[in-house]
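The values are calculated or read from the model by the stated rules, or taken from the named source; none is laboratory data. Quantities reported herein were computed from a predicted structural model and do not represent experimental measurements. Note that each Cβ is placed from the backbone with ideal geometry, even for glycine, and that neighbours are counted across all protein chains shown.
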Amino acid sequence: MDVLVTGFEPFGNSDRNPSREVARVLDGRTIAGLKVTGRVLPVSMRAIGDALARVFEDPPPRIVVALGLANGESMVRIERYGVNLADFPLADNDGEKVVDRAIVPDGPPSFATTLPNRAIREALLQAGIPARLSNTAGTYLCNASIYLLGDMIRKRALETRFGFLHLPYMPEQVAALLATPHAERQPKQVPSMSLATMLRAVETAVATAAASSI
């Protein structure tokens with residue numbers, strides 16, 4: 001496998017997740033000469049570790065670009081760290097709300113992502129796509145996926161480079177939010193980004209990672 005792109009299934013009150021859509025669309029594509037495999041992960045603390053292990057079957061990917069949804073984010077957020085903490089703001093899709101739990105008991109406090117994050121940000125900005133670097137991915141399943149990826153790569157002594165991009169809502173999701181009976185009469189701004197732009201962002205991230213020598 002050259003490149004693995006992962007997304008998450010929908011969660012909360014939404015029936016869509018842009019990270020899932022991007023992973024599905026990119027599955028089977030070739031970017032910068034590299035074959036992309038797209039996979040969708042469960043929003044489940046119990047199942048995410050096994051799901052990641054399955055998509056790392058031999059041969060392991062050279063590059064992993066993991067994706068997730070960041071509610072209320074206005075741009076692509078490039079995550080630099082995953083911490084060894086699960087402390088959920090809402091229940092996962094199994095109904096479990098984890099509180100103050102280590103993701104890997106006795107594991108290191110954190111893992112740093114290993115893609116060329118700053119170069120990816122610059123490439124996105126040059127492509128006209130808003131992006132920023134982030135030092136915290138929260139403590140929900142997105143953070144857990146970063147940490148578990150780092151732990152898996154360490155334990156298997158792999159040379160796989162990995163990173164994580166948080167994506168905004170799609171416009172359709174914001175429209176659905178605003179159409180609910182409980183939406184504010186004068187709602188606060190809820191940012192979004194088109195799926196086409198997010199696809200271009202992930203393609204740019206993969207191409208930048210492929211061109212990097214680190």
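Considering only segment 154-181, state which residues are touching a residue at least 40 places away in the same chain (Cβ under 8 Å) and not in a loop (DSSP other than H, G, I, E, B).
The answer is Arg154, Arg161, Phe162, Gly163, Phe164, Leu165, His166, Leu167, Glu172, Gln173, Ala176.
Being of a type in the set (Gly, Ala, Ser), touching a residue at least 60 places away in the same chain (Cβ under 8 Å) and touching a Gly at 6+ places or on another chain (Cβ under 8 Å): is that true of Ser145 here?
Yes: the conditions hold for Ser145.
Name the strands (runs of 3 or more DSSP E) wholly within segment 1-96 that hold at least 1 residues that are in contact (Cβ under 8 Å) with a residue 24 or more places away in the chain and surrounded by fewer than 18 Cβ atoms within 10 Å (Cβ to Cβ)?
Passing ranges, in order: 34-41.
Find all pairs meeting these conditions: Cβ atoms under 8 angstrom apart; at least six residues apart or on different chains; first residue within segment 110-136 and under 9 Å from Arg80 (Cβ atoms); second residue modelled with pLDDT of 95 or more and surrounded by fewer than 15 Cβ atoms within 10 Å (Cβ to Cβ).
That search, which allows pairs on different chains as well, returns Asn117/Leu133; Leu133/Arg118.
Which of (1) touching a helix residue (DSSP H, G or I) at 6+ places or on another chain (Cβ under 6 Å); (2) surrounded by fewer than 19 Cβ atoms within 10 Å (Cβ to Cβ) is the odd one out, the single condition Ile103 does not satisfy?
Ile103 satisfies every listed condition except (2).
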